[in-house]
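Participant: The structure is given below, and queries will be raised subsequently.
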Amino acid sequence: MDKLVKYLVDSILKENTNIKKIVGVYGGRFQPFGPHHYKTYKWLTKQVDDAYISTSNIKKLPRHPMNFKEKVRHMSKMGVPSNKIIEEKTPYVAKNLEKKYDKDTTAFVYVFGAKDAGRLGGRGKYYKDYLKNKKDLKGYDEHGYYLVAPHVSIRVGGQEVSGTSMRDLLGSDKFEDKEREKLFKKMFGYYDKGVFNMMRNKFTKLFESINLKEGVSS
């Protein structure tokens, strides 16, 4: 009898919602994509039906040394399927990804950091708290939802992994090449000479541009 009641309740709930699929979107610059980002992506895959990384194709120093194809090359080596990495003009507005799904039967859930959740989620009209609205989701055309990413702490070479520590490893003159290669593998979980050299070149140019600006300003 209990099973019959549960079946009837579940059937009624399904009939009362148009949402058939929940799509997760983890957006960012990812300059570069790191192990903490990968762990967040893996966490997202367990919260939704389909999970994607969204990032732009901007290539402009100092904030954007890597273009979209270069980021995909690196992310896919770390374990993100390349067909789950979407190019977007604005990572938190996944217009290209929306074309793959029905606007009336698909809800989009964006992963925000705690700061972005307060800034973007607090605006209220489009972005809604996913957990608070989970039982009454609307299609992405009407609302987007957000989840706050859990804090991920990873240490490599005695340092907390962050955007700064990754860029230092790749582009600064603090490391010998052999040490850099070893730390690259520890940090990103793989070593590919072609990808390593590509990223080393990109972030060396980043540091050169920063040093040049500092020299001019002084």
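The values are calculated or read from the model by the stated rules, or taken from the named source; none is laboratory data. Quick caveat, the model's predicted, so the values are computed rather than measured. As a convention, Cβ positions derive from the backbone with ideal geometry for all residues, glycine included, and neighbour counts pool all protein chains shown. Ligands, DNA and RNA are stripped out before the accessible areas are found, and what is left, the full protein with its side chains, is counted by its heavy atoms. Shrake-Rupley method; radii C 1.70, N 1.55, O 1.52, S 1.80 Å.
Participant: So VAL5 clears everything in (1) of a type in the set (Val, Ile, Thr); (2) open to solvent by 30 Å² or more (accessible area, probe 1.4 Å); (3) at pLDDT 95 or above except one condition, right? Which one?
Facilitator: VAL5 satisfies all of (1) of a type in the set (Val, Ile, Thr); (2) open to solvent by 30 Å² or more (accessible area, probe 1.4 Å); (3) at pLDDT 95 or above except (3).
Participant: Related question: Among ASP192, ASP173, which is the only one that is within 12 Å of HIS74 (Cβ to Cβ) and acidic (Asp, Glu)?
Facilitator: When all the criteria are applied, what remains is ASP192.
Participant: Right, here's the next one. Find the residue count for segment 187-209, including only residues that are surrounded by fewer than 15 Cβ atoms within 10 Å (Cβ to Cβ) and either at pLDDT below 95 or at positive phi (or both).
Facilitator: 4
Participant: Of the residues that sit in segment 96-151 and are open to solvent by less than 20 Å² (accessible area, probe 1.4 Å) and among the small types (Gly, Ala, Ser), which one is modelled with the lowest pLDDT?
Facilitator: Here the residue is GLY121.
Participant: Among the residues of segment 71-95, which ones are part of a helix (DSSP H, G or I) and open to solvent by less than 60 Å² (accessible area, probe 1.4 Å)?
Facilitator: Passing the criteria: LYS71, VAL72, HIS74, MET75, SER76, MET78, LYS84.
Participant: Quickly run through segment 152-169 and pick out the residues that are assigned to a loop (DSSP other than H, G, I, E, B) and out of contact with any helix residue (DSSP H, G or I) (no Cβ under 6 Å at 6 or more places or on another chain).
Facilitator: SER153, GLY158, SER162
Participant: Collect the residues in segment 38-50 that are among the hydrophobic types (A, V, I, L, M, F, W, C), open to solvent by less than 50 Å² (accessible area, probe 1.4 Å) and within 19 Å of SER153 (Cα to Cα), keeping them in residue-number order.
Facilitator: Residue satisfying the conditions is LEU44 alone.
Participant: Being over 30 Å from SER162 (Cα atoms) and open to solvent by less than 90 Å² (accessible area, probe 1.4 Å) is the filter; apply it to segment 9-35 and report the residue that is modelled with the lowest pLDDT.
Facilitator: VAL9
Participant: With the checklist (1) among the hydroxyl-bearing types (Ser, Thr, Tyr); (2) at pLDDT 90 or above; (3) open to solvent by less than 60 Å² (accessible area, probe 1.4 Å) in hand, flag the one item THR164 doesn't pass.
Facilitator: Every condition holds for THR164 apart from (3).
Participant: Which residues, taken from segment 51-70, are open to solvent by less than 40 Å² (accessible area, probe 1.4 Å) and either touching a residue at least 40 places away in the same chain (Cβ under 8 Å) or of a type in the set (Lys, Arg) (or both)?
Facilitator: Answer for segment 51-70, where residues must be open to solvent by less than 40 Å² (accessible area, probe 1.4 Å) and either touching a residue at least 40 places away in the same chain (Cβ under 8 Å) or of a type in the set (Lys, Arg) (or both): TYR52, SER54, PRO65, MET66, GLU70.
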